[in-house]
Structure formats: structure tokens, C-alpha cells
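Inspection log for the structure reproduced underneath, given as C-alpha cells.
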Amino acid sequence: MPRHKRAQFAIAALLVGTVATAVLMHRHARPPEVTAPMPADTASTPGPATPPAPPAAIDAHTVQPTIPPDAPQVRAYLATESERQRLEEYFSDPQAQEDSADAIWALIGKLEQEQRVVSMEALSMKLEWLRLNSADEAEFHSRAEALVASYRQQAKAYSHAHDPTSTAAYAQYHAAEQRIVAEVNAMQSFPPGETRQSYLRKRLLQARIAAYGQPASDGSSVP
């Protein structure tokens, strides 16, 4: 059975599971005891009891599932299963599949862009795609090296963009920090109630707020 058919069957089973459970519980429930009325002229001799009525039948076709088959989450699940099956079938036997090589490459890019696979997983699939679609080993290694270099450059750019030490606020704060530390260390007296350390912390906090706009969430005086 194809995977997407199995997925549809699994979802259908989940949808009607509650129905089946209700039917079984109803069938095995203990029926109420029913006693036949006693004839007036034979009150001293009990008559045979009327057999209990069978439980009412439940028609599963009339019970609505809690999640309709066309619900967005069901369609999304089936789409994911279908895409996974396309990838598995292509990489197992590319020549026997309906999907073209270009279609599979585009599918990998789509999954990566939607963050449904991590970058390393996408890179692994792309390298396998290159192996299957290169004329020889030399071409594969050349294209693979270029692809890996591209991913390495992207990772470096991302790391630099999200590095807090590369921001203007960081540079501003640390320049002020060096100046403030030198000033406080040279001071011989401090405002009433302040020690050298408490006054230094206050000055550094002010510098941080000036640079970043707010104090550190943990109360510290440095980024």
C-alpha cells in the first residue's frame, strides 16, 4: 500500500476510533432488568420473565467524526507524508519516478525555506541529489565543494549578523565601560552612602541604558 494511502487509512482510523469505542462499550453494557407484569389471576405464581431488550444499534455512518477529513491539519499532514514519500522514492530509484530531478531539487529548497527541514538535512539531500545527477565523480566533487562552500558562507553570515559583539550598541557600551572604570578607580571620595563598587555598578548601568535602551534582564551590568 503506498505511504499516502496508509496515511489516509491511519487518519480515518483515528477519526472513527471514538465511534468504535462507543459501539463496543454500548454492546457490552449490562442491560437493565425488565420484569414482565403479573397476571391478575395468577399473582401467586410468577410468570416467565420477558427477555431483556437488545441494545439499540448505533449506525457509524450517522456519527460525525470530531475532525473532518478535509480539516486543514489533516490536509497538511497528508501533504507532508506525500512530499516525504516523493523524496524517499526518488532517492531509492530516480529513473522509476514520475518526479523530475528539477522537481525534487525545488522540493528540497521549498522544505528548507519553510523550515520544515534543518539546513544540514537539506544539505545532505542536495549532496545526494548531486551524486545522482552528476556525469562522473569529478563533476560530483566539484559541485559538492561549491555547495558546501555556499552553506558555509551562509552560516558565517548568519553568525555575524546575530553576533551581539558586532553591533554599534556593544561598541558604544564597552568604550564607555573602559572610561568609567578608569574614572571610578581614580576617585578618592564618593557620594554619600556609596562605595566604590556600588558607584561603579550604578555608572555602568547608566552607560548600558544609554547604549542599549534598557538594563540587562538579569540585573547584570555587562552584555
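Condition (residue is modelled with pLDDT under 90 and farther than 14 Å from Ala169 by Cβ) applied to the stretch 196-212: is it met by at least one residue? No, there is no match, as no residue in the stretch 196-212 is modelled with pLDDT under 90 and farther than 14 Å from Ala169 by Cβ. Highlighted here are the helices (runs of 4 or more DSSP H) found entirely within the stretch 116-223 that include at least 2 residues which are touching a residue at least 40 places away in the same chain (Cβ under 8 Å): 168-186, 196-212. The residues on offer are Arg208, Arg179, and the sole one that is in contact with a Ser or Thr (Cβ under 8 Å, 6 or more places away or on another chain) and more than 30 Å from Val118 (Cβ to Cβ) is Arg208.
The values are calculated or read from the model by the stated rules, or taken from the named source; none is laboratory data. The structure displayed is predicted, hence computed values, not measured ones. With ideal geometry, Cβ positions are generated from the backbone for all residues, glycine too; neighbour counts draw on all protein chains shown.
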